[in-house]
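Remarks on the structure that follows.
The values are calculated or read from the model by the stated rules, or taken from the named source; none is laboratory data. Predicted model only: the values in this text are computed from it and were never measured. Here the Cβ positions follow ideal geometry from the backbone for every residue, glycine too, while neighbour counts run over all protein chains shown. Each accessible area value is taken on the protein alone, full model and side chains, heavy atoms only, with ligands, DNA and RNA left out. Shrake-Rupley method; radii C 1.70, N 1.55, O 1.52, S 1.80 Å.
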Amino acid sequence: MTPAEPPSPSQEPPVIPAGSGPSAHRPPVIPSEMDAWVVTHPGPISSRPLRPVRVPVPSPGPGEVLVRVEACAVCRTDLHLAEGDLRPRRPRTTPGHEVVGRVVSAAPDAVRLTPGTRVGVAWLRSTCGRCRYCLRGAENLCPGSTYTGWDADGGYAEYLTVPEDFAYPLPGDVPAEKLAPLLCAGIIGYRALLRSDLPPGGRLGIYGFGASAHLTAQLALAQGATVHVLTRSAKARELAVALGAASAGGAADAPPEPLDSAILFAPAGELVPVALAALERGGTLAVAGIHLSDIPPLTYQRHLFQERTLRSVTANTRADGRAYLELATLHPPRVTTVPYRLAEADRALADLAGDRVEGAAVLMPSHSAL
Ligand SMILES: [Zn+2]
Ligand SMILES: [Zn+2]
């Protein structure tokens, strides 16, 4: 094992000494307790499944770093976890997997990310590295994978830990509130766009227009696509047109022209036949969500024949994450965000459930303003 590197004196402030290894005798800067939210009893958001708690600041395990959270965006998956659509994998887990923060300490064997480094923490938290999927570059399908905010505590907190191999180094000069939604909404949207097989200059239908969709639309537009947005929210339709969509209609409306590709972001299975029927011959529909309500019966001739393809999107690989974050750094998307205090996490989720968030809700712990 290699010992942890001591913090370099040339690092930009705020430099916080490592809390472990040879420098552990320095005065503690990391508090012993922190504010966090945990899912107590998964159920409808109106039953308040999330509770605020005071818990010990976690210690990084082998290969992990401790990150002080600057911002954590709120993802629809957090809502699925809070409401029990996704079964809890451990009790009282802190949700949140779109985290921007600074490394404040590292395990002795975590030597790549030194304290002070700004990182992003995303959904994929670990993979086995040995299975057939990991070995062929499809680690998003690894049966042994674990996820931030599901298998381990996430970013609805002041601090969290992450394996350093699964943290993404981020630029230091972009506001955390604008970077956080890129960590899931952006990366998953990027993968969904790849999975939709959009031809160059093609016509893309986007069903549902929340955080991920509004970033994906910009990516597709930048690549020369014609984008049609279909969503039930009038405000979201306005945002779509403002971002450059060629049209914006109701969720189940037919787009003004046939689609080469479509992405379903809304967790509504009843839209699968609607989107398939809107496809041109040979078109592809990618379902971006981790959870979807039941799909009604499909009619072969109307929905699948003529080589229409229906695909799911399952998480992302680290290569997807790196590729997307590089693109987003070179051509920063317009990120529409609504900030909430960490103490308002339950209200942010209720607003998301009620379609009252335009763009992405982002939790900002109070220390992030320091
Ligand atoms: Zn997510
Ligand atoms: Zn694996």
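Secondary structure note: in the chain, about 55% of the DSSP beta bridges are antiparallel.
Available extension along the chain between residue 253 and residue 327 is 23.4 nm, counting 0.36 nm per residue and deducting the alpha carbon span.
Ranked highest first by the average count of other Cβ atoms within 10 Å around their residues, in what order do 348-358, 320-330 fall?
348-358, 320-330
The listed residues 87, 311, once ranked by accessible area (1.4 Å probe) with the largest placed first, stand as 87, 311.
Close amide H pairs (under 5 Å, H built 1.01 Å from N) link residue 109 with 63, residues at least 5 positions away or on another chain.
Just so you know, the averaged projected area of the alpha carbon convex hull for the chain sits at 18.4 nm². Between the stretch 127-156 and the stretch 316-369, the C-alpha centres lie 22 angstrom from each other. What is the distance in Å between the Cα centres of the stretch 174-215 and the stretch 224-247? The two parts, judged by their Cα centres, are 13 Å apart.
Segment residue 90..residue 277, full-extension length gain: 63.3 nm, with 0.36 nm per residue of separation and the alpha-carbon distance subtracted. With viscosity 0.890 mPa s and temperature 25 °C, the Kirkwood radius over alpha carbon pairs of the stretch 32-99 converts through Stokes-Einstein to a diffusion coefficient of 188 µm²/s.
Accessible surface ranking for 184, 128, 1.4 angstrom probe, highest first: 128, 184. Mean separation of Cα pairs under 8 Å and 6 or more residues apart, divided by the residue count, gives the chain a relative contact order of 17 percent.
Note on the chain: with a GNM built from Cα contacts shorter than 10 Å, the maximum mean-square fluctuation among 245, 180, 360 falls on 245. Counted over the stretch 123-245, the DSSP beta bridges are approximately 25% antiparallel.
Can you give the accessible area per residue of the chain, in Å², using a 1.4 Å probe?
44 Å²
Inter-label distance, residue 238 to residue 173: 3.4 nm, where each label sits 7 Å from its Cα along the C-beta direction.
For the stretch 173-232, go through all pairs of different Cα atoms, get the mean of 1/r, take its inverse, and jot down that Kirkwood value in Å. When all Cα pairs of the stretch 173-232 are included, the Kirkwood radius is 11.9 Å.
In a Debye calculation with equal point scatterers on the alpha-carbon sites of the stretch 261-360 and no solvent, what is log10 I(q)/I(0) at q = 0.10, 0.13, 0.15, 0.21 Å⁻¹? Taken in order of the listed q values, log10 I(q)/I(0) reads -0.42, -0.69, -0.86, -1.12. Residue order by solvent-accessible surface for 336, 216 is 336, 216, largest first, with ligands and nucleic acids left out and a 1.4 Å probe.
With all protein chains in place and a 1.4 Å probe, the accessible surface of the chain carries 53 percent carbon and sulfur. The relative contact order of the stretch 166-261, computed from alpha carbon pairs under 8 Å that lie at least 6 residues apart in sequence, is 27 percent. Gain on full extension, evaluated as 0.36 nm per residue between residue 131 and residue 366 minus their Cα-Cα distance, stands at 80.4 nm. With both labels modelled 7 Å from their Cα along Cα-to-Cβ, the residue 309 to residue 41 distance reads 4.6 nm.
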